[in-house]
There are 2 protein chains.
Amino acid sequence: MTEESRGASEETPIAKRILIGDPLTTEELEGQLLPKKMALPIFASDALSSVAYAPQELLMILLIGGTAFLAFSPWVAAAVIALLIVVVLSYRQLIKAYPSGGGDYEVARTNLGEKSGVVVASALLVDYILTVAVSVASGVDNIISALPDLNPWRVELAVGFVILIIVVNLRGVREASQAFAIPTYVFIGSVAIMIVTGLVRWGLGDTPVAASAQYSVQAEDLTQVAVILLILRAFSSGCSALTGVEAVSNGVPAFRQPKVRNAQTTLVLMGSIAILLFAGLTTLALVTGVHYAENPCHLIGFDCTNPQPSLMAQVAAATFGAGSIPFFIIQAATACVLLLAANTAFNGFPLLGSVLARDGYAPKALNTRGDRLVFSNGMIILGLAAAIVLIVYQAQLTTLIQLYIIGVFVSFSLGQIGMVKHWRRELRFVKGAERREAQIGLAINSLGASFTVLVLLIVTVTKFTHGAWLVFLAIPVLSILMIGVNRYYRDVSHETEMDDSVHYGSTGDVAIVLVNRLQKPVAKAVDYALAAKHSKTIAVHIAVTQEEADAVQTDWELHDMPITLLTIESPYRQYARPLSEFIAQYRQKHGSSIVTVYLPQYIVGHWWESLLHNRRARRIAQQLMLVHGVSITLVPWLLDSSELIYGRRSRPLPGDDRAGRITSYGLVAHTDDEP
Amino acid sequence: MTEESRGASEETPIAKRILIGDPLTTEELEGQLLPKKMALPIFASDALSSVAYAPQELLMILLIGGTAFLAFSPWVAAAVIALLIVVVLSYRQLIKAYPSGGGDYEVARTNLGEKSGVVVASALLVDYILTVAVSVASGVDNIISALPDLNPWRVELAVGFVILIIVVNLRGVREASQAFAIPTYVFIGSVAIMIVTGLVRWGLGDTPVAASAQYSVQAEDLTQVAVILLILRAFSSGCSALTGVEAVSNGVPAFRQPKVRNAQTTLVLMGSIAILLFAGLTTLALVTGVHYAENPCHLIGFDCTNPQPSLMAQVAAATFGAGSIPFFIIQAATACVLLLAANTAFNGFPLLGSVLARDGYAPKALNTRGDRLVFSNGMIILGLAAAIVLIVYQAQLTTLIQLYIIGVFVSFSLGQIGMVKHWRRELRFVKGAERREAQIGLAINSLGASFTVLVLLIVTVTKFTHGAWLVFLAIPVLSILMIGVNRYYRDVSHETEMDDSVHYGSTGDVAIVLVNRLQKPVAKAVDYALAAKHSKTIAVHIAVTQEEADAVQTDWELHDMPITLLTIESPYRQYARPLSEFIAQYRQKHGSSIVTVYLPQYIVGHWWESLLHNRRARRIAQQLMLVHGVSITLVPWLLDSSELIYGRRSRPLPGDDRAGRITSYGLVAHTDDEP
């Protein structure tokens, strides 16, 4: 009845260590926290990078109505910027009131109840996945704009980047940030220089002209309602510039002290930069006359077998010249910052997951910090989900944008409504300066709530039939799952809760050593069973054939084993069932007893060895554990090959050396005989 | 430190029972044995079915040289038939000398040594896989010949049939045979009638004409060497008629008593029928003027976008008329018998696998009979391998035939050489009638050995560059693996062998109950540990954070637990390592001890519950088992959901009802409180 088990070492294997880095203590957590200049690139890259696609998607939707519709774009862009200001101000309040990193989830849960909290959490989880997908798709799009030959490998590139980001993140928060700080600052700097250069050239009368300015579009004939809807849709797409604002509110615990102040400053800084870049880039796109079409084949004059260059690439080419060094710097920085935006989600998603796990709404495994103090499981789930989305949607940015930002606005809205409720409750209790502060907070968050609910309605109306229905399906499904998980944990906890009626003193105790063939592992199990001084210790052989049974019995006598061997017949080649029947009979005869079944188990050193040992012991253990009053003792037998795992266990513990194994459990073997 | 485990029931689930049937006792094995009239269809379908493709492949190769080369076909066919007679006679001897079902493997191993035996076994395993692939491919080919619309689903059909055969076979040997007897006899009968009808019509001057008789071929200009090689290649392909002869010699144990006599009769009967069908069909194909080309596009006049009908289909259409009822009966019976031929391998492969496992050359799991007394693992491996081959080679018969029969002739040759050695040894000892018998045996097997070695050379030369090199690679690789497996088992067995120096009496015994949070499962583990009366029992909490540690300690005191709780700090969030260090320190202080670690373990009822419990206990157990002198006791805690598995455990055992669980291990809980 021996079986194998591949011992897993707690020590980090070398390959893992190189990829992930050395393990860190829990105390080192504080040392991993972010100073502001690091927090900005790591949390702001999402909001900042969205200027790479938000103006493009905004202008693209307007262009469906024809080039004349581009005249609406300043107004639409202004609305987006106004919204961004309101949201940033609202979140400043939220960070202060709820600095624990729960963000909208915590606000909604505390103020609006469990269901709202779970809906916010689901919406955010969905949006984190889409953030990764959209940012990576846009990053790849910008790479292809600079290097069109890579076009056939769009999906492969995107999935490859997702894998890269997973690995980088598994190394831990701060190192990720260090690697990411430079390109974010290069992006901000180079795009700012481009905007200034372009606008100065415009002011001097040397207006840069985009390549696509020459292509006209086939304008559709639109009704008045359709015109309004189109403008609202352009606004919805432009709102993708807002995503990532919430990342800071979920990441407060990762900031250095004073956490709230630092997080607020980072948030405002981030919002200001995002507004400047968004406004500047939209203006420059209009100045250079970029025509970016939803379907590039609708651009009259454009050979649509080629990939359509991104708005960023077109503006950069117009300003600095296609193929110039600044052009490539801008494209590289844009691609980098977009990939870093994907990284934002790799901070937010696992943090939110761990908060959910802590509250019992998600599997506990999400709240387990890995070797490097990061929530590894959450990162892996996020990466896999994003990769699947990218493959399904073939890394097409415009399609993905249709699903995007709904989740964010669901959580924005519920979070802001929760904040309104929070301030109204505060106002009942506080006085003086605090009361004034609460009144300001109420005003700001009421504005935020109205704006975000309105935008959620617009986004829903304009995006639902363009693919967003999938998100409206995913959010409730996830919410129901979370509620289910919570109910499950509650039931288990209730079932296993200690109560005062617990007392001890079970009597009757018998040990059964399961014997397949008489080999040293069995002898070791017998020795251990005897050492534990059970009231009674017997050996049992389950006989499928009579010959086997006779052979074991003969061997047993030959080696003069110290306990009796009983044989149970099993004509159906079962093991657990005859044994559980035997236990029942034994109890009928000798009264209620606790039964400990000793199972010898091989420990092997290579994965392939598992294939060569059958899993009988594991199956027997699983089945016997269902029998009342039975516990299973696994007595390991380390095969020589297990030295491999053993060798990895660093410094040998005193009295723990393998040579001692043979003698100290009472078997004095001729070690020379061993191969 | 609790963990889940999904209990697996030994009872057969309903779905499995419907597919596979009720379990059988080991004693019922004899009742599962085959009478001759059942053994013929089950073991002979391979050899018989090969007439469906052997004449076709023989004529096809000759046709490469042009229609004139068909004149060689009677001679080539005669050579195949002569070889078949010699092989059948040789195997009659082998069955008698080695009736245990080991066949060529046993003969080669006994007479030529371990390496030869292993090579034979590898060759046979490879050929069993190819038998399934070739037979299914040919079966599908004949189905498509009758129903050309199915052509696009060739591979899907083939894989589907393999799956069907696996399921049928998992139900067990005899029932499979019953289902298979009828079509085999229908096939023999209908093809015989077709041959007689065709030849009579020819005799009466009303010669049937095949549809392809009108298509000529572009003859290649061949050198004299090329002509000889082509004829030899045609012979090689024709030799596929010989496969399956060895199946009987591997299946002797499955025959009823007298096993040897019955097996021999079945072999001769099978050989005779195969020869008659092969000769008749080849003749009829020549009479009707079938032109079957390797590349159908070389047939002048044939629209090669359509599938080329099989030789069997063309002859049947010529004799009875395409689309007539006899035509469809023949095609259906041919397809059926080919699928049954695949079934032959499902008898031979697992039997050989179990013999190899018994001898320690293959994983032990191959020698485990399933519920239905069949070697289930072997069947599943064979089915998977065949499906992969079919997918890789797109179920193309002509390509697969190139790989085929090499394995068979490797084992034929080594088996016959082994038999020669066997008789020569016998001759040294026996006298009188037995001596005469041995002399006849020697003569027959010497002839068999010369013929099969010669054919092996021819087959190697003519097929090597046509794809057979893969087989020449697979056989040594498999052989080396088998030798490796054998050496591994030998080492393990050596390592674990009992010797007389074994004695008992380990002293020092301490039980450690691992505590995560104080819950009922922990209390149960404490109770069990106390009941086992270890010399000392302590509880240990491994503290990742101080708060946790304090909470557990408070709880521990609150509930007045009967043993001391120690706290070990673990700043790196490890569990096994600090514990093994603690054990080492304990031993330094208290002397060498056997340590039993008690781990509470949740038993859950649904697969998804596993996702919600972390696997910490399993990981800890795996790592602690590497520590010298430690055994692991799993104390199961059955969650209410585990009723699901529990419910499947049929009649409740006395004293085994779940209600009793709570009280009898000393915990009297308010069962009403449980959800």
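A few remarks follow.
- Unit charges at the beta carbon, dipole of the protein assembly as shown: most positive-side option, B:A345, B:I330, A:T131: B:A345
- Using alpha-carbon coordinates, inclination of helix A:114-146 to the longest axis of chain A, degrees: 70
- A label point on B:G301, set 7 Å along the Cα-to-Cβ line, lies at 6.3 nm from each of its counterparts in the other copies, closest listed first.
- Chain A Cβ-axis minimum, rotational copy B, residue and distance in Å: A:T633, 2
- Mean Cα-pair separation over length for region B:562-629, i.e. relative contact order, pairs under 8 Å, 6 or more apart, %: 38
- Length-normalised contact order of chain A in % [C-alpha pairs under 8 Å, at least 6 apart]: 23
- Cysteine residues of the protein assembly as shown whose C-beta has no other cysteine C-beta under 4.7 angstrom: A:C239, A:C336, B:C239, B:C336.
- The Rg/Rh ratio for region B:145-247 is 1.07, where Rg is the radius of gyration of the alpha carbons and Rh is the Kirkwood radius.
- Placing unit charges on the Cβ atoms of the charged side chains and taking the dipole of chain A about its Cα centre, the candidate lying farthest along the positive direction among A:V544, A:V119, A:A211 is A:V119.
- Value at 222 nm in deg cm²/dmol, rounded to 500, when DSSP H runs of n ≥ 4 in chain B each add -39,500 (n - 2.57): -20500 deg cm²/dmol
- Considering chain B at the alpha-carbon level, its Rg and Dmax are found to be 32.9, 107 Å.
- Relative to the other identical copies, A:P562 shows label-point distances of 2.6 nm, where the label point lies 7 Å from Cα along the Cβ direction and values run shortest first.
- Kirkwood-type radius of region B:239-382, with distances r between different C-alpha atoms, in Å: 18.4
- Other protein chain Cβ atoms within 10 Å, averaged over every residue that makes up B:480-486: 1
- With each label modelled as a point 7 angstrom along the Cα→C-beta vector, the A:K37-B:L229 pair spans 7.6 nm.
- As a proxy for reagent exposure, ranking B:I603, B:I391 by other Cβ atoms within 10 Å from fewest up yields B:I391, B:I603.
- Taking every DSSP bridge with both residues inside chain A, close to 5 percent are antiparallel.
- Spatially, region B:75-104 and region A:276-304 are offset by 80 Å when compared through their Cα centroids.
- By the beta-carbon count within 10 Å of each Cβ, the least crowded to most crowded order of A:V134, A:V227, fewest first, is A:V227, A:V134.
- Temperature 37 °C, viscosity 0.692 mPa s: under these conditions the Stokes-Einstein estimate for the protein assembly as shown, based on its Kirkwood radius over C-alpha pairs, is 89 µm² per second.
- In plain terms, the residue of B:K589, B:K463 with the fewest other Cβ atoms within 10 Å comes first and the most crowded comes last, giving B:K589, B:K463.
- If you plug the beta carbon distance of B:S592 and B:I568 into 1/(1 + (r/R0)^6) with R0 = 22 Å, you get a FRET efficiency near 0.60.
- In loop segments of region B:186-227 as defined by DSSP, there are no chymotrypsin sites (Phe, Trp or Tyr not before Pro) with at most 13 further C-beta atoms inside 10 Å of their C-beta.
- The DSSP beta bridges internal to the protein assembly as shown are antiparallel in roughly 15% of cases.
- Region A:109-157 versus region A:507-580: alpha-carbon centroid distance in Å: 59
- Other copies of B:I228: label-to-label distances in nm, shortest first, labels 7 Å along the beta-carbon direction: 9.4
- Of the residues A:F582, A:Q623, A:L518, the one whose Cα sits farthest toward the positive end of the charge dipole of region A:465-624, with +1 on the Cβ of Lys and Arg and -1 on the Cβ of Asp and Glu, is A:Q623.
- Averaged over the residues of A:518-531, the number of partner chain Cβ atoms lying within 10 Å of the residue Cβ comes to 5.
- Using the Cβ-Cβ distance between A:V200 and A:R490 with R0 set to 56 Å, the FRET efficiency works out to roughly 0.30.
- Gain upon complete extension [A:I380, A:K533; 0.36 nm per residue less C-alpha separation]: 50.4 nm
- Relative contact order %, region A:322-402, counting alpha carbon pairs below 8 Å whose residues are six or more apart: 18
- Counted by Cβ distance under 15 Å from B:V119, the other residues give a net charge of -4, where Lys and Arg count +1 and Asp and Glu count -1.
- Once the Cα-Cα distance is subtracted from the 0.36 nm per residue extended length, the A:L470 to A:L164 segment shows a gain of 107.4 nm.
Coordinate-derived values only; no laboratory data. Keep in mind that this is a model prediction, so the values were computed, not measured. Because the Cβ atoms are built from the backbone with ideal geometry, glycine has one as well, and the counts that use them run over all protein chains shown.
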